[in-house]
1. Which strands (runs of 3 or more DSSP E) does region 11-88 wholly contain that include 1 or more residues that are out of contact with any Lys or Arg (no Cβ under 9 Å at 6 or more places or on another chain) and within 22 Å of GLY123 (Cβ to Cβ)?
2. Evaluate the following for LEU61: is it at pLDDT 90 or above and under 23 Å from VAL129 (Cβ atoms)?
3. With respect to the numbered conditions (1) at pLDDT below 95; (2) part of a helix (DSSP H, G or I); (3) closer than 25 Å to LEU21 by Cβ, which one is the sole condition not fulfilled by VAL129?
4. Mind listing whichever residues of region 91-126 are within 17 Å of PRO137 (Cβ to Cβ) and buried (at least 19 other Cβ atoms within 10 Å of the Cβ)?
5. Please specify each residue of region 56-82 satisfying the condition of being among the hydroxyl-bearing types (Ser, Thr, Tyr) and under 18 Å from LEU108 (Cβ atoms).
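The values are calculated or read from the model by the stated rules, or taken from the named source; none is laboratory data. All values derive from a computational prediction rather than experimental measurement. A quick note on method: Cβ atoms are made from the backbone with ideal geometry, for glycine too, and the neighbour counts reach across all protein chains shown.
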Amino acid sequence: MEIYTTSPLRDLSKFTALSSLVALDLYDCPNLTNIDALKDMKGLTKLRIGRAPGISNIDALKGLKTLKGLELSSCAALTNVDALRELKVLKVLGLVGCTGLKNLDGILGLTGLENLDVIGCHGLTNEAVTAVKVALPNTSIRSPDGDLFTPGGNTLITDQE
């Protein structure tokens, strides 16, 4: 299901009946601040939340054990991704323009993660991205400066090449 809106959608409480969804795309929801209803969507395998600058709490994602792909973009109020710690089947994670993000500690144990984009998250330090590279050596990581770290640990491919 795709939802593109600039309407005053503030929460997802009306979506609780959609518990059997496998993919959800919430985009351009500038007033969205509460995603608690997602905790009941246990079958989600793909989720995108974009242009939702008021999202600061993603704890509702903790129980989404089947989630394989997640993109959070332009969620400026988001400061951490600790809620993702238990998403062991997550393979693809995009964190784009989450300018308030301060650390990536919540994903350090996600050994099944294959691809990680961390772009435009200006609150992150190079050390935070390096910690992910060390903890997840088999993950391809596109970092805030546009570099791509590929599995194997020593290969660095820049966008300029």
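1. Here the list reads 46-50.
2. So LEU61 fits the description; yes.
3. (3)
4. LEU93, LEU104, ILE107, LEU110, LEU113, LEU116, VAL118 - these are the residues of region 91-126 that are within 17 Å of PRO137 (Cβ to Cβ) and buried (at least 19 other Cβ atoms within 10 Å of the Cβ).
5. Selection gives THR79 alone.
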